[in-house]
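> One structure follows; several queries about it will come next.
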Amino acid sequence: MLLSGKRGMVVGVANKRSIAWAIAKKAADEGAQVALSYQNERLGDNVRELAQEIKDPLLVQMDVGSDSQIVMAFDNIRKQWDRIDFLVHAVAYAPRHALDGRFVETSREDFRVAQDISAYSLAALSRAAQPLMTDGGSIVTLSYLGSERVVPHYNVMGVAKASLEASVRYLAYDLGESNIRVNAVSVGPIKTLAASGISGFGSMLRHHRTRAPLQKDVEIEEVADAAVFLLSGMGRGITGQVIYVDGGYNIMAD
Ligand code: NAD
């Protein structure tokens, strides 16, 4: 039980295919009590139903684009729990039309929204979580190789992931003195709701499968295992890192 006696918040469950849900389930299996946040009431029913599969879940609604909703969500958690030990940030958004065509066409507004929801939110949530992490903590976010290489159609989201990974390093520096670790797991392609918004996702999957040293699709449980390792005491010496769970795809020249 890697997370026995620990409590944490998992942000980004939309449905049973969400990476956030796989991490939440794995964390609960490893003994953690988990708070799940969902973006809006439209997703609330899904998340309430899924939450029945884990023991003693807490549920809060939170749109990470709203400072007041972030404050309210963490206040709700504080009312139930005196402390949290971990935070999982599994949130990204860019308008669908920005994930097609050419990056050079990206509008100012689409760029702003992608950065706000997909990158700035990590800093906002870390700031809100810090006072509750009185005994240290671990924060994990999810990234993608499009942050450092050009992946056709990933466009503005690649730039947002670059910003997210840089944020991981700055947050790790700031929060290290409170024994709070901050890391990213960079994941190979997995079919989820967010992925379905990326034009040509099917060919990304096929390319990955043929080029990755492990020659197979990334399994969502592999991501959950790595995230839980980083959330647990087993990862206690690791901060500010981007760890790849992609079957080794990132080491290849082509
Ligand atoms: P998903 O659609 O299941 O999860 C994305 C989540 O972001 C959803 O729960 C959605 O509600 C939430 N979200 C979007 N805007 C929000 C807002 N304003 N406030 C609160 N929540 C908001 O898809 P996923 O693939 O599980 O995505 C989780 C993370 O994993 C994302 O950061 C994504 O970029 C990353 N990732 C996914 C893949 C992949 O291939 N699926 C690969 C690498 C990284």
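The values are calculated or read from the model by the stated rules, or taken from the named source; none is laboratory data. Since the model is a prediction, treat every value here as computed from it, not as a measurement. Please note: Cβ atoms are built from the backbone with ideal geometry, for glycine as well, and neighbour counts cover all protein chains shown. Accessible surface areas use protein heavy atoms only, side chains included; no ligands, DNA or RNA. Shrake-Rupley method; radii C 1.70, N 1.55, O 1.52, S 1.80 Å.
> Can you confirm whether segment 199-207 contains a residue that is polar (S, T, N, Q), open to solvent by 10 Å² or more (accessible area, probe 1.4 Å) and not in a helix (DSSP H, G or I)?
Within segment 199-207, one or more residues are polar (S, T, N, Q), open to solvent by 10 Å² or more (accessible area, probe 1.4 Å) and not in a helix (DSSP H, G or I).
> Inside segment 2-53, can you point out the residues that are open to solvent by 20 Å² or more (accessible area, probe 1.4 Å), more than 9 Å from the ligand (Cβ to nearest atom), assigned to a loop (DSSP other than H, G, I, E, B) and small (Gly, Ala, Ser)?
Scanning segment 2-53 gives SER4, GLY5, GLY31.
> Let me ask something additional. Looking at GLY146, GLY137, can you tell me which residue is within 13 Å of the ligand (Cβ to nearest atom), buried (at least 17 other Cβ atoms within 10 Å of the Cβ) and of a type outside the set (A, V, I, L, M)?
GLY146
> In the set ASP110, ASP56, which member is in contact with a His (Cβ under 8 Å, 6 or more places away or on another chain) and either assigned to a loop (DSSP other than H, G, I, E, B) or surrounded by fewer than 20 Cβ atoms within 10 Å (Cβ to Cβ) (or both)?
Selected residue: ASP110, the only one of ASP110, ASP56 that is in contact with a His (Cβ under 8 Å, 6 or more places away or on another chain) and either assigned to a loop (DSSP other than H, G, I, E, B) or surrounded by fewer than 20 Cβ atoms within 10 Å (Cβ to Cβ) (or both).
> Select from segment 168-191 the residues that are surrounded by fewer than 22 Cβ atoms within 10 Å (Cβ to Cβ) and among the hydroxyl-bearing types (Ser, Thr, Tyr) and list them in ascending order.
If the condition is that a residue be surrounded by fewer than 22 Cβ atoms within 10 Å (Cβ to Cβ) and among the hydroxyl-bearing types (Ser, Thr, Tyr), then TYR170, TYR173, SER178 are the ones that fit.
Residue-by-condition table, conditions (1) at pLDDT below 95; (2) within 20 Å of ALA195 (Cβ to Cβ):
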{"residue": "ARG17", "(1), (2)": "no, yes"}
{"residue": "ILE23", "(1), (2)": "no, yes"}
{"residue": "GLN39", "(1), (2)": "no, yes"}
{"residue": "ARG42", "(1), (2)": "yes, yes"}
{"residue": "LEU59", "(1), (2)": "no, no"}
{"residue": "GLN69", "(1), (2)": "no, no"}
{"residue": "TYR93", "(1), (2)": "no, yes"}
{"residue": "SER118", "(1), (2)": "no, yes"}
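> To continue, here is another question. Note down all Cβ pairs under 7 Å where the first residue falls in segment 139-156 and is over 21 Å from ARG181 (Cβ atoms) and in a loop (DSSP other than H, G, I, E, B), the second is open to solvent by 60 Å² or more (accessible area, probe 1.4 Å) and more than 8 Å from the ligand (Cβ to nearest atom), and they're at least six residues apart or on different chains.
HIS153/ASP100
> Going by the structure shown, is ALA162 in contact with an Asp or Glu (Cβ under 9 Å, 6 or more places away or on another chain), surrounded by fewer than 19 Cβ atoms within 10 Å (Cβ to Cβ) and modelled with pLDDT of 95 or more?
yes
> Can you name every residue in segment 222-251 that is in contact with a Gly (Cβ under 9 Å, 6 or more places away or on another chain), of a type in the set (D, E, K, R) and assigned to a helix (DSSP H, G or I)?
Answer for segment 222-251, where residues must be in contact with a Gly (Cβ under 9 Å, 6 or more places away or on another chain), of a type in the set (D, E, K, R) and assigned to a helix (DSSP H, G or I): just GLU222.
> Applying the selection to segment 208-236, what residues are surrounded by 12 or more Cβ atoms within 10 Å (Cβ to Cβ) and of a type in the set (Val, Ile, Thr)?
Correct list: VAL218, ILE220, VAL223, VAL228.
> Would you mind telling me which numbered condition in (1) outside any helix (DSSP H, G or I); (2) of a type outside the set (A, V, I, L, M, F, W, C); (3) open to solvent by 40 Å² or more (accessible area, probe 1.4 Å) SER196 fails?
(1)
> Looking only at residues that are of a type in the set (D, E, K, R) and more than 9 Å from the ligand (Cβ to nearest atom) in segment 160-198, which one is farthest from ARG112 (Cα to Cα)?
By that ranking, first place goes to GLU177.
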